[in-house]
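As structure tokens, the structure follows; a few thoughts come after it.
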Amino acid sequence: MTFLNEVRKTAKNAKECIRILANIETDDSDGGSEYEDEDFFPEEVSDLDDENDDENEEDEDEQSNKKIDECIEAVIHRSISDQSVGHFDSTADKTSKVGVVWNTLELDKSKRVINRIKFNGRPGPTAYAARRVHTTALSAFEWIIDTSIINFIINSTNQEAKRCNASFRLNIEIFYCFIGVLFCRAVFCNGVAVRALWSRLYALPIIVELMSKVLFCKVMRFLRFDEKNTRKTRRSKVKFCLIREVWERFIINSQKCFNPSQFLTADEQLLQSKSRCSFIQYMSSKPDKFGIKFWNLVDVKSKYLVNSFPYLGKETDKEAGILQGEYVIKKLMQPFFDLGHCIQQERITIYNKDKQPLYKSLIFEHDTGALLTIYQGKAEKNVSVLSTFHDSVYIDPKESTLLKNKTKVIIDYNEKKVGVNTVDQMTRIYLGKAPSRRWLMQVFYNLLNLACINSWVL
């Protein structure tokens, strides 16, 4: 009110008052205000003459103040109308600076472009897995970490032992015992030092019977996942070459054994590691802060990992002009195109707010059928959700009080965005890993944890 009183004192008439307010509201004015159009002013506003007679001065001042108040209210109403949902014209098109046209969409109204997404997949174990997997989780694990992966690891490990002139030789039985010790430590004594597992006082009988401490340390020393003779040439092209072939075979086997449901979640996973590695990432939002980042695609219903690849820095195979989010989603969804899947993604944006500004409204519709919902969950913080799956805006009256009038788009997003986070949490509960300075060992431990989750789902 103090500001409005100052405007009343400064302005000589109503028109000058509007000019003052318009110049204040418009930051990027180029000499004139957008409110100077004659059609904007109320018809009853007229210039007030300061040289009126003394007998009519009080009446004129009262009428002037009244009309100035009307003009101030009109300017304020127009200045905030672009930020208020209730004052939007539902039939007016909103065009951004880059030419993208958005139309406001009212509640309980369908879009003009209806997306008929038909899911053509058959979720669940495939026929390949049904013929091979029995009632135990171990049988499923043997087909996700199959003999081709195990034999490749055994050959690479024996080559490293031979290069070091060691008499150690790895076989399938020793390899399974090594994995068994890791899982027993994760389940029964998670966090206990490896050397304490064979203590005379506190050792677990099952670990002592599986393998000796000396044999376990030898496996840890010589375990390799690639051929070192050709590593130098491969490393110049692919940074992940030390364990790339094993990881890709694991992903292929996981996809062969399971068909995901319609809803998938794409998100990032930070694998804790402070080893010497050229693609270590720092993420302040994660509890571990430092580690190797993976892009994961997880089935929402079963929490089954269907695709994953590491982030190695600047992508060399990414085309110019394609955003990082678009590249990640297309690469994750490459085996599942044209099946009618719906992807929930968080922090993987394919829409640049800086280049394509969004309007401060609630709901918009694009002419191609995209539905943009801008929801204010907290004060001064808007959440933008872009959906090509939903056809209309709907709020359930029974749940409106409990869910704070959230639309169906927001509710579905909150329910189906947790796939990757749930899998990451499951791998942390029983963390089957041992201390190591090599980053590829951390990746291998993460592979074993993910393989156990997929085996349990099968």
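Taking amide H as placed 1.01 Å from N in the peptide plane, the amide H of C342 sits under 5 Å from that of F263, L264, each at least 5 places away or on another chain.
A simple packing score, the average count of other Cβ atoms within 10 Å per residue, orders the peptides 324-331, 272-279 as 324-331, 272-279, with the highest score first.
In this calculation the C-beta distance from S212 to T136 is compared with R0 = 22 Å, giving a FRET efficiency of 0.20. Applying 1/(1 + (r/R0)^6) with r as the Cβ-Cβ distance of R249 and Q159 and R0 = 22 angstrom yields a FRET efficiency of 0.75. Once both labels are positioned 7 Å from their Cα atoms along Cα-to-Cβ, the gap between Y430 and N190 label points is 0.9 nm.
Spin-label model, R221 to E415: label points 7 Å out along the Cα-to-beta-carbon direction sit 5.6 nm apart.
For F309, the residues 5 or more places off, or on other chains, whose built amide H falls under 5 Å of its own are W295. Net length available on complete extension from Y128 to F290 is 54.5 nm, with 0.36 nm assigned per residue and the Cα-Cα distance removed. Beyond 29 Å in Cα-Cα separation lie the following of the pairs K228/K301; K331/K381; K256/K331; K118/K239: K228/K301; K331/K381; K118/K239. Between F279 and S236, the contour length at 0.36 nm per residue exceeds the Cα-Cα span by 14.1 nm.
Placing a label point 7 Å from the Cα of Q272 along the Cα-to-Cβ direction, the residues of segment 405-436 whose backbone N falls under 15 Å from that point are 424-436. The length gained on full extension between E380 and N171, counted as 0.36 nm times the residue separation minus their Cα-Cα distance, comes to 69.2 nm.
Readers should treat all values here as calculations from the given coordinates under stated rules, not as data from a laboratory. Keep in mind the model is a prediction, meaning the values are calculated, not measured. In this analysis, Cβ positions are derived from the backbone assuming ideal geometry, glycine residues included, and neighbour counts consider all displayed protein chains.
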